Each structure stands twice: as structure tokens, then as C-alpha cells.
Protein chains: 2
Amino acid sequence: MPTIKDVARRAGVSLGTASRVLSGGGNTSPKARSQVQAAAAELNYIANGPARSLRSTRTNVLGLLVSDIRNPFFSEIAHAAEREAMRLGYTVLLANANEDETQADEYLRIFASQRIDGLLLAPQGPASPQLESMLKSGLPVVLLNRLVEGLDAPSFATDNSQGVGLVLDWLQTRGHRDVAFVGGPNSISTGAERMAAYRAGRESHGINTDDAFIDAGDFLADGAERAMMRILERGKRPTAVFGANGPTTLGALRALRWVLGASEASRVEVVSFDDLEWFEFVSPAISAVRHDAAAIGTAGVTGLLELIAGQPVASQRISTTFIDRSV
Amino acid sequence: MPTIKDVARRAGVSLGTASRVLSGGGNTSPKARSQVQAAAAELNYIANGPARSLRSTRTNVLGLLVSDIRNPFFSEIAHAAEREAMRLGYTVLLANANEDETQADEYLRIFASQRIDGLLLAPQGPASPQLESMLKSGLPVVLLNRLVEGLDAPSFATDNSQGVGLVLDWLQTRGHRDVAFVGGPNSISTGAERMAAYRAGRESHGINTDDAFIDAGDFLADGAERAMMRILERGKRPTAVFGANGPTTLGALRALRWVLGASEASRVEVVSFDDLEWFEFVSPAISAVRHDAAAIGTAGVTGLLELIAGQPVASQRISTTFIDRSV
DNA sequence: CTGTTAGCGCCTTCAA
DNA sequence: TTGAAGGCGCTAACAG
């Protein structure tokens, strides 16, 4: 691998000039520029990132920690974040917390060791000591989609109560009274917010306020399936089911079919927070709140870069739309 | 951020001793060890990765280039690869080629600049010059799921002809003669292999060999939808449709419903290469070949690390299973 | 505008 | 077993 020294020698300039042409914005003559660039191209020179980082204390790498990349919502965020970062000259290091705080912490240490310039966090639960210490050390951090109690960082998140409001309106229009709600963990802000908004809005939308219609899982399909089972085991027979995120809706659907059978289950209308590409194929088709994962990822990156640049950054709530697939 | 110097001073030892304790396996006294470790813990010392990499010419970072992380198959691979890499002390830098060779090349340059220790490649098309040059420079590379012509690297891929064989058997058992096949691009090995295996097996499985029943998209939903449209526009009315990967099946389904209407479409049986979590909810339920993305990711990482260690690595074909959801 | 020089933090010889 | 010293490739400060 050629070094910048090789480039300089071949271009017939000093090391400093080569460096200025190749990265520093310092003033250089057109002649030096073209010579250096030609030499670099001929040698197929690619700068040594670690050396550059060591010297400049900047890596141009952002860390992105999500709870599960297999969740389409997060893979969409990751995709968008990565595109935007790349456009702005940054690379994204992706990590899966895997619903596991220990693993999340381990990744945070790796991020710290790699000396990332900033952190995009779509966290699972509360702030860990590791995270606290990184924040305290001055690392710029931005929260995606979820808030963390006592963590003072700008956030870019879906407007959950607005989204739940759309669902409530729809339920009312469709004339549903006995609605089952399958939520997510209370320890995750999205879980808590969606649950709270739903409970608060039931009465005004003519929905049965019997809490036996409500249960919560872990925002994964299996946990949601069990939660839906519990509701059904209580003898409740809802005319509609509301799943609080994509995997939750999937799990609820499985439980419905398992317990009631396919034909009986198809008499229950399902509505979801998170729109999945296959909802149109289920019968009856599933209506859903669509929130813009790509917008969250993109806004998160631009926000983080502003933070890195030392500018003040305001949190943002991103509002949702409703995809009505009834009739 | 504390440096190793701070740790050494606090532990009352020299810089060299601290380094040996913290990373080098060199001989150290128990006393020195405990002192250094205590000091490191107290200071919350985290080694500077770039500095370490600069010195040791190893980064413990692997690059993973996929065509689209939003495709569940690739997100599963990424997830598994990352887990396995982490278990073995490596970090994964993820990049989306986005079906775009230019972007893929740009990421390859970034990888090179970051001085990754090895590359996991789930490529789009043929080998680019950038890729060739990285290979020539001695970077260990492993291919995931797809082969690349003229690229001499071990591969970990689904056994496509075996998988297609399972589908053919199933089609025969179900008594289908007029089967539509929606394939992928010929430029991608998986597209070419699945198409070839299907064509070769039609006759022996009692399937109509009229090529008007065959068309190909780009392995994405939109392209597949158009391909399916073309087949229908030719006046062909299949009793079954075979989609050559997950997004392709999704697109074919959309076209079927769009052209024939939901009730007519539900008289067509659909079968897919790639099993998606929602296939059970469609009616009739979609049967599918399931290939083990996680196994590919895991095997790819262990293979790559062997390659890095200088050991010989053999390519692997991973065989598939069939999920029969008929009746 | 350019060349020279001094480290960034770490690992790894080389002596002791 | 330990301390001292050199240098990985690069950028930035300083003279010219």
C-alpha cells in the first residue's frame, strides 16, 4: 500500500504539500494540485484512515445502535441514515443491541474505542452507565424514535399520540366498541406513549374502557402473540385489534388465527402502528399508521452533524399518516 | 480521554508495561497486572483504536457490503454476521450498495481507507475494477450468497438448484402444468442459477415448457410486478406462480391482484424462493423454499477469519428446506 | 504558496 | 520482568 510519502515523492513535492492537496484545504498551486492528484491516481493511493484519525482526532465515523436490524422499521432507518451520512462524507458503523443491554454496552465500548464522532441511538431501555459516561465525556448523541428518561439529547421521533389519534378516529368511524390493544413494554418510550394515548382516548371515541382488553408484549412477534392469547383467554372477543408496532401486529394476528381459526379470525379487523408491505394481502386488509422511518434516519444524521459542529439542535416530532385499507 | 500514559503513571509503571498488560500478551508480573488493570478501570480507560490500528496494521474491523439492507434476507445475514464477528472480537462495518455499482465502489474505497481486515461481499453484479484491485492487494474476501464470475474467493451460498428442485417436485405433486416463473437478473448468479434450474427441470416435472410463461425482473418488487404483468399481457393464465426471491414474489402477487382482481387471484397458487413471515396469512397461503440466511452470515464470518489467519478455505453450498403451506 | 518538523497513542524491539 | 526509545502514516504549526 502506497503512503502519502510515495505520492509526494512521485509528484516531486514535499510531504506537506501532498497532504494539503489530498485533504487539508490549505492553499496550493494549481500545478502542485494536478501533480499530486495525478501521482495519487497512478499509485492508486488510498489514505490510511487510522493514521489520519489519530492525528486529527476525527474519524468521520458515526455509530448507529439499533435494537434489531431485522425489524423493517429499523432497517429503513439504518438505510436512510447511512445514505445521508455518506452524502455528507461520513461512514456509519452499525450495531445491533439485540434487545440486550449487556450487548448494547459492549457495542458502546467498541464505538468509544473506534473514536466515533457521534452516536445515533435507537435504544431499548433506560440509559446505561456506559452510555452516561460517554455522554459526560462530550460525545455528541442523538436519539432516534425513542426517548430515554434523564438523557439530555435531541431526539427525532414519531409523534405517537398523533398517530394513535388517527387510529382512534378510524376505530370510531368503523363503529368498533370492543377493541383489543396489544402494546409494547412500558420501559420503552414508544411503548409507554402509545399505550397512554390509547387509554386516554378510548372514552371519547366510544371504545370500551375495560382494561381486560389491553395487554402488552415486548414489541416482538412472540411476546405479542402471548399477550394476545392472554386477552382471548380472559374471554374477551374483540371486533378489532390494534397492534402497537409491526412485529406486535404480526404476533397478534398469529394468536387470532391460532385461537379462533382462520375464518373466525377474518371477522376481526386489525389495525397497526407501523405499516408493513404485506398488509394489503391479508383479508380483511390491515389498515395502519405509517411513520416515516427514512425521515427519522435522515433528520437524525443532519441533527447529529449539527451537534458535532457545535450548533444547537432542537428535537423533532415527525407526524404520521394513516393508510385506510377498509372496504 | 485518558491515554495509556495516564494509566501507566497512575499505576506507577512504565508505558511499556502498561501496554503489555492491556493488550500485548508479553510477560508481566501479577503485581503489575493488577495495578495496571485497577488504574485502567478507575480512569475508565478505553484504548484508542485508530492508534492501535496504525501501529499494528490490524483494525479488527470487517466490511460487509450488501445490495439492500431492507431486504429481510440481507438484514438476517447482516445480523448473524455481526453477532458472530462480535463473538470473535471483530466489528462489522455495514454498507448498502443500493443496487448501484458506483455506490458500491465508493464504499469499497471507504473500506480500504478504514483498512478493514477482511471483506464480506453480497454483491450485485460483476466484479468492478475497484474490487479487483483490492483483491489483488491481498485483502481477504469472502462471497455471500452470490458468486462473481472470475472472482476467485470462497463463497457461502444457498444451493439454488437443490432449492428449485424442491419447488418443482411440489408443483408436480400439486398437479400444476401452466406455471409462471418470475426470475431475477441474469447478471446475478442467484438469478441465473434459479432460472437455469427451473428451465432444465420443467419437462421432467410435467410443466409446460412454453417460454412465454417466463419473465424476469430485478429481484425487487417493482421490477417483478412489471415482469408478471408482461406474462399476463401475453394472454397466459397460469395456475401457479413461482417467484425467484422474496421481493419478487411480493411484486408478482401485486400484479396478480391488480390484473385479475383479488378473488380471481386467489385461485392461483403462489410459491416462492425465500420464505417471508407473512406468507401464512395470504390466501391461499404461500409455500416457499427457506434458505438459512443466518447460517450464511455465520459461516461467512468464520470462513473469512480463517482466510485472514492464512488458512485455506473451501466454498460451501447451504441446502434449503421447503415449507409446504398447501391444503 | 511550500518545505520542514513535531507529535497524535500505541506496540514492539532492545537492553538492562 | 521491566524501562527506554523508535516509528506506524498522517496533519498542522511554523518558517521561509
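In region B:307-322, the count of residues that are under 21 Å from A:Leu250 (Cα atoms), surrounded by fewer than 20 Cβ atoms within 10 Å (Cβ to Cβ) and not aromatic (Phe, Trp, Tyr) is zero.
Highlighted here are the strands (runs of 3 or more DSSP E) found entirely within region A:91-199 that include at least 2 residues which are without any contact (Cβ under 8 Å) to a residue 40 or more places away in the chain and over 26 Å from A:Ala221 (Cα atoms): A:91-96. Note on region A:227-294: enclosed strands (runs of 3 or more DSSP E) holding 3 or more residues that are over 24 Å from B:Thr249 (Cβ atoms) and over 18 Å from the mean Cα position of the chain (by Cα) are A:240-243. Once region B:105-146 is narrowed to residues that are farther than 19 Å from B:Val61 by Cα and within 14 Å of another protein chain (Cβ to nearest Cβ), the residue that is surrounded by the most Cβ atoms within 10 Å (Cβ to Cβ) is B:Gln130.
Just one of the listed residues (A:Glu84, A:Glu149) is acidic (Asp, Glu), modelled with pLDDT of 95 or more and out of contact with any strand residue (DSSP E or B) (no Cβ under 6 Å at 6 or more places or on another chain), and it is A:Glu84. Of the residues making up region B:29-52, at least one is hydroxyl-bearing (Ser, Thr, Tyr), surrounded by fewer than 22 Cβ atoms within 10 Å (Cβ to Cβ), in contact (Cβ under 8 Å) with a residue 12 or more places away in the chain and away from DNA strand D (no atom under 16 Å from the Cβ). Filtering region A:27-40 for residues that are more than 12 Å from DNA strand C (Cβ to nearest atom) and part of a loop (DSSP other than H, G, I, E, B) leaves an empty set. Selection of region A:94-104 for residues being facing chain B (nearest Cβ under 7 Å) and not aliphatic (A, V, I, L, M) yields only A:Asn96. Looking at region B:20-73 only, could you name the residues that are under 30 Å from A:Trp278 (Cα atoms) and within 10 Å of chain A (Cβ to nearest Cβ)? Scanning region B:20-73 gives B:Leu64, B:Asp68, B:Ile69, B:Arg70, B:Asn71, B:Pro72. Does A:Glu84 satisfy being more than 9 Å from every other protein chain (Cβ to nearest Cβ) and in contact with a Ser or Thr (Cβ under 6 Å, 6 or more places away or on another chain)? So A:Glu84 fits the description; yes.
If the condition is being more than 14 Å from A:Arg146 (Cα to Cα), in contact (Cβ under 8 Å) with a residue 40 or more places away in the chain and among the polar types (S, T, N, Q), then region A:61-76 contributes only A:Asn71. Checked against (1) crowded, with 18+ Cβ neighbours inside 10 Å; (2) farther than 30 Å from B:Leu139 by Cα; (3) within 16 Å of DNA strand D (Cβ to nearest atom), B:Gly12 passes all but a single condition, namely (1). Residue-level analysis places B:Thr91 among those that are over 21 Å from B:His291 (Cβ atoms), at the interface with chain A (Cβ under 10 Å from one of its Cβ atoms) and at pLDDT below 95.
Just one of B:Ala212, B:Ala200, B:Ala262 is hydrophobic (A, V, I, L, M, F, W, C), modelled with pLDDT under 95 and surrounded by fewer than 21 Cβ atoms within 10 Å (Cβ to Cβ); which is it? Of the residues listed, the single one that is hydrophobic (A, V, I, L, M, F, W, C), modelled with pLDDT under 95 and surrounded by fewer than 21 Cβ atoms within 10 Å (Cβ to Cβ) is B:Ala262.
Tally up the residues in region A:14-26 that are within 8 Å of DNA strand C (Cβ to nearest atom) and either among the β-branched types (Val, Ile, Thr) or within 20 Å of A:Ile46 (Cβ to Cβ) (or both), please. Residues meeting the conditions: 7. Looking only at region A:71-93, filter to residues that are closer than 27 Å to A:Leu250 by Cβ and touching a helix residue (DSSP H, G or I) at 6+ places or on another chain (Cβ under 6 Å); which one of those is surrounded by the fewest Cβ atoms within 10 Å (Cβ to Cβ)? So the residue we want is A:Glu76. Screening the candidates B:Thr102, B:Thr57 for the property of being more than 16 Å from DNA strand C (Cβ to nearest atom) and more than 17 Å from the chain's Cα centre (by Cα) yields one hit, B:Thr102.
The values are calculated or read from the model by the stated rules, or taken from the named source; none is laboratory data. Quick caveat: nothing in here was measured; it's all calculated off a predicted structure. Because the Cβ atoms are built from the backbone with ideal geometry, glycine has one as well, and the counts that use them run over all protein chains shown.
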